[in-house]
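Heads up: the structure comes next, in structure tokens.
Throughout, read-outs are computed from the coordinates displayed, never taken from laboratory work. Computed from a prediction, not measured in an experiment: that's the story for all the values here. Counting neighbours? That spans all protein chains shown, and the Cβs are built from the backbone with ideal geometry, glycine included.
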């Protein structure tokens, strides 16, 4: 692992001087774009959960710079830290067991192919701002997307070894907004069967994998939206103006999305057009099981909670409680 990017400093790595426009745009932004850390109790420890992801049946939990793995037998296992700075995002892929990608406050991306038991720096070409959100392409596990605060959406097609800019930040509420949550969603309505959904400080947007334009979430396919230039209003969108702090698509049922907001955990069963609130309370991290779209773990008001029925009933995840 490179020590030049996964540094011990908690300060963000300066942006590349060549990206002066983005550096200027980022100058007035807050360092973490509204990301909130909440204390979560796991056993006798008070933790601050910053990211969640399922790797197979195991749950990977990041709190600050520390990472743990909860096996299906209920055993918690500490994992090596991917870096000395906080982990702001985790991403995995149903087709690549053991692949865990971590976005760090230092501006680095770290990759493990051993389920988090080892890490390698994969940050070449990134501009250096905090990596607030990550996703692995739904049908191409070698393709990663990363949101860099103060910059835009970056893409790697070689498992993070090299990166290039895919898209500028979305323009919402009369200004560019940082993307703080990402999900790659396999849907026939996308240009190539894929949408990249993005949670921002003021709501939800998405872009087809042609990266032609950020769009509001609406019924129909990407070409319809591009041709119309507008979006029909949903009868039940996410609450207007709230930060979308985490966002996941169920791999076994991609049109099922879960979103973590300050107002609670929300669910959509039609790819984000219509939403309903599952549980009230501030939420900032979610993970959905790779083969069971009704099995969800989320941080709610500082406590890890689990549902096995898509959100009707919830229970606190005990330190020795099995996941299945």
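Quick check on packing: order 61-73, 257-269, 154-166 by the mean number of other C-beta atoms within 10 Å, highest mean leading.
Those peptides, ordered most packed to least, come out 257-269, 61-73, 154-166.
Between residue 117 and residue 301, the FRET efficiency from the beta-carbon distance, with R0 = 22 Å, is close to 0.10.
Percent of Cα pairs in the range 36-316 per distance bin of 5 Å, from zero to the largest separation: 1, 6, 14, 19, 21, 18, 12, 6, 2, 0, 0, 0. Taken as Cα centroids, the range 92-117 and the range 171-212 sit 21 Å apart, rounded to the nearest whole angstrom. A simple spin-label model places pseudo-atoms 7 Å from Cα toward Cβ; at residue 210 and residue 315 they are separated by 4.8 nm.
Here the extension length gained between residue 162 and residue 124 equals 13.2 nm, from 0.36 nm per residue of separation less the Cα-Cα distance.
Which semi-axes, in whole Å and largest first, does the equivalent ellipsoid of the range 89-224 have when worked out from the alpha carbon gyration tensor as the square roots of 5 times its eigenvalues?
24, 18, 11
Give me the percent of Cα-Cα pairs in the range 163-214 that sit more than 17 Å apart, rounded to a whole number. When every Cα pair of the range 163-214 is considered, 33 percent fall beyond 17 Å. Between residue 252 and residue 84, the distance separating the two model label sites (each 7 Å from Cα on the Cα→Cβ line) works out to 4.2 nm. Sorting 236-243, 108-115, 136-143 by average packing, meaning the other beta carbons within 10 Å per residue, from highest down gives 108-115, 136-143, 236-243. FRET efficiency for the residue 240 to residue 142 pair, using the beta carbon distance and R₀ = 22 Å, is estimated at 0.05.
Give the relative contact order (percent, whole number) for the range 40-125; include only Cα pairs under 8 Å separated by 6+ residues.
Rounded, it is 20 percent for the range 40-125.
Give the relative contact order (percent, whole number) for the range 36-316; include only Cα pairs under 8 Å separated by 6+ residues.
For the range 36-316, the relative contact order is 12 percent.
When the Cα atoms of the range 60-143 are aligned to their principal axes, the ranges along those axes come out at 40, 31, 18 Å in descending order.
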